[in-house]
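Below is one structure, written out as structure tokens, with a few remarks after it.
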Amino acid sequence: MDKPDHVIHQFVEVYSQLSKDHLSVLENLYHPDVIFEDPAHQVIGWDNLHAYFTRLFSTVRECQFVIRDTLTDGQIAYVQWEMIFSHPRLAGGRSRTVHGCSRLEIQENQISRHRDYFDMGEMIYEGVPVLGAAVRQIKARL
């Protein structure tokens with residue numbers, strides 16, 4: 001029988017300490033046939049997900065997750081988080097914070113499906129010179 005609360009506790013621990021030097025700790029969390037989605041990507045299978053995280057962490061100067069809240073209902077869990085990161089080509093390399101939520105499906109005591117929800121404008125577009133000012137102005141008008 002699956003133990004979703006244990007898996008989510010492990011998820012929170014791993015993501016709270018995640019770094020480019022410790023990506024291998026993710027393998028125990030994810031099912032070999034995991035499906036991962038975010039607003040810009042769909043990745044299928046652990047090997048592809050590991051490659052995705054390797055690329056992600058190789059392009060940023062810093063990236064850390066602060067877990068704010070979790071909710072588990074059966075084999076489904078939601079995790080509210082903040083990602084604090086800096087990228088040399090966004091906002092002059094200054095730290096940025098993105099607020100998001102993950103929907104996780106648990107199968108065989110591992111995460112079989114992971115879908116991240118966050119605002120791409122907050123993550124990328126607002127950090128691009130000129131475009132960022134325009135996006136922030138549009139959001140303010142809405």
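Read the figures in this text as sums done on the coordinates, not as results from a lab. The model shown is predicted, which means the values in this text are computed figures rather than measured ones. Methodologically, a virtual Cβ is constructed for each residue, glycine included, from the backbone with ideal geometry; neighbour enumeration extends over all protein chains shown.
Please report the net charge: other residues with Cβ closer than 15 Å to the Cβ of residue 32, K and R +1, D and E -1.
After counting each charged neighbour, the total is -4.
What relative contact order, as a whole-number percentage, does region 4-141 give when Cα pairs under 8 Å and 6 or more residues apart are counted? Relative contact order of region 4-141: 23 percent.
Shown here for region 81-113: trypsin sites (Lys or Arg not before Pro) in loop regions (DSSP other than H, G, I, E, B) with at most 14 other Cβ atoms within 10 Å, namely 89, 94. The calculated 222 nm mean residue ellipticity attributable to helices in the chain amounts to -9000 deg cm²/dmol, summing -39500 (n - 2.57) over DSSP H runs of n ≥ 4 and dividing by all residues. The Kirkwood radius of region 4-141, taken over pairs of alpha-carbon atoms, gives through the Stokes-Einstein law at 4 °C and 1.567 mPa s a diffusion coefficient of 82 µm² s⁻¹. Helix 131-141 and the longest principal axis of the Cα set of the chain meet at an angle near 80°.
For helix 46-59, what angle does its Cα long axis make with the longest principal axis of the chain, in degrees from 0 to 90 and rounded to 10? With rounding to tens, the tilt is 30 degrees. Principal-axis analysis of the Cα atoms of the chain puts helix 4-16 at an angle of about 40° to the longest axis. Approximating the spin labels as points 7 Å out from Cα along Cα→Cβ, the residue 72-to-residue 33 distance works out to 2.3 nm. Label-to-label distance, residue 99 versus residue 40, with points set 7 angstrom from Cα along the beta-carbon direction: 2.1 nm. Based on the Kirkwood radius over alpha-carbon pairs, what value in µm²/s does the Stokes-Einstein equation return for the translational diffusion coefficient of region 1-46 at 4 °C and 1.567 mPa s? It comes out at roughly 109 µm²/s. Can you list the GluC sites (Glu not before Pro) in region 9-49 that are in a DSSP coil and have 16 or fewer other beta carbons within 10 angstrom? Sites meeting the loop and neighbour criteria: 27. A full extension of the chain between residue 17 and residue 48 corresponds to an added length of 9.0 nm, given 0.36 nm per residue minus the alpha carbon distance.
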